[in-house]
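Asker: Here it is, the structure, as structure tokens.
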Amino acid sequence: MRNLVYLIMAVIYVFSIESCTTVTIANKTVYSSEHKRQYVTRPSSAKEVQKKSITHNTSKIFHPTSELQKRDDIVLTAMKYAGREYKSGGKLPETGFDCSGFTSYIFSKNGIELASSSTMQAQQGNHKKLEDIEPGDLLFFGNGENINHVAIVTGRNNKDLEVIHSTTSAGVKVDNIKESDYWSSRTLFAVDVISR
């Protein structure tokens, strides 16, 4: 009986990939080339919980379900710390985070070790074009070639590019980079440390 269930799941999975739909099997979502993910996000005040749903077009890239799950886990882990305070050199939720302390902490909670500085983190993965970035990728900011900030991508579509990061002004928060002149003018490049 178990083999029959696995066979049915495999057939549904194959058809879902070819038809570009999303299929839910036993509470596990199998993502195709065009899919939606929902994340629970907190505004910077951390008083209310909001649901955000962003469509990600990843038709150029195929990832196994385990990698998609890892990306989702990283984003969901990061969202738990929205509202934490900023602290220069901070690497723990109890004390507060700086930008690279936040990213290294979140990735370590998901089994990926990152260096302690944003400059070193930028050298750890594969560089990606901004139009190819996905949730869970790292996004770097700076002036010219100097990196001075890093964030975790939480979602992207044609109108939005959302990240979660630890900022000096507001601590850990979600920002839409495309709606911010400050952040969009300082965006340098993205790095994938998940599928390296």
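Asker: Quick one: N143 ticks every box in (1) at pLDDT 95 or above; (2) out of contact with any Asp or Glu (no Cβ under 8 Å at 6 or more places or on another chain); (3) more than 17 Å from S195 (Cβ to Cβ) except a single one, so which number is it?
Answerer: Every listed condition holds for N143 apart from (1).
Asker: Determine the pairs where a residue that is surrounded by fewer than 19 Cβ atoms within 10 Å (Cβ to Cβ), located within region 118-140, has a partner that is part of a helix (DSSP H, G or I) with Cβ atoms under 9 Å apart, the partner being 6 or more residues away or on another chain.
Answerer: Correct list of pairs: T119/S100; M120/S100.
Asker: Could you please find all residues in region 78-98 being aliphatic (A, V, I, L, M), touching a residue at least 40 places away in the same chain (Cβ under 8 Å), in contact with a helix residue (DSSP H, G or I) (Cβ under 9 Å, 6 or more places away or on another chain) and not in a helix (DSSP H, G or I)?
Answerer: Kept after step one, since they are aliphatic (A, V, I, L, M), are these residues of region 78-98: 78-79, 82, 92.
Subset that is touching a residue at least 40 places away in the same chain (Cβ under 8 Å): 78-79, 82.
The next check asks that each one be in contact with a helix residue (DSSP H, G or I) (Cβ under 9 Å, 6 or more places away or on another chain); those that pass are 78.
Passing the criteria: none in range.
Asker: Name the single residue that is modelled with the lowest pLDDT among those in region 64-77 being farther than 14 Å from G111 by Cα and part of a helix (DSSP H, G or I). Even if it seems obvious, please write down each step before you answer.
Answerer: Step one: list which residues in region 64-77 are farther than 14 Å from G111 by Cα, which gives 64-65, 68, 76.
Then drop every residue that is not part of a helix (DSSP H, G or I), which leaves 65, 68, 76.
On the way: T65: 65, L68: 91, L76: 97.
Among those residues, the one meeting the criterion is T65.
Asker: Might you check whether a residue that is of a type in the set (S, T, Y) and more than 21 Å from L68 (Cβ to Cβ) occurs anywhere in region 170-181? Step through it out loud before you land on a result.
Answerer: Of region 170-181, the ones of a type in the set (S, T, Y) are 180.
From what is left, the residues that are more than 21 Å from L68 (Cβ to Cβ) are 180.
Yes, some residue in region 170-181 is of a type in the set (S, T, Y) and more than 21 Å from L68 (Cβ to Cβ).
Asker: Residues of region 99-134 being assigned to a helix (DSSP H, G or I) and of a type outside the set (S, T, Y), which ones? Walk me through how you get there before you give the answer.
Answerer: Keep residues of region 99-134 that are assigned to a helix (DSSP H, G or I), which gives 99-109, 118-121, 130-132.
Those that are assigned to a helix (DSSP H, G or I) and of a type outside the set (S, T, Y): C99, G101, F102, I106, F107, K109, M120, Q121, L130, E131, D132.
The values are calculated or read from the model by the stated rules, or taken from the named source; none is laboratory data. None of these values were measured; they are calculated from a predicted model. Glycine gets a Cβ as well: all are built from the backbone with ideal geometry, and neighbour counts include every protein chain shown.
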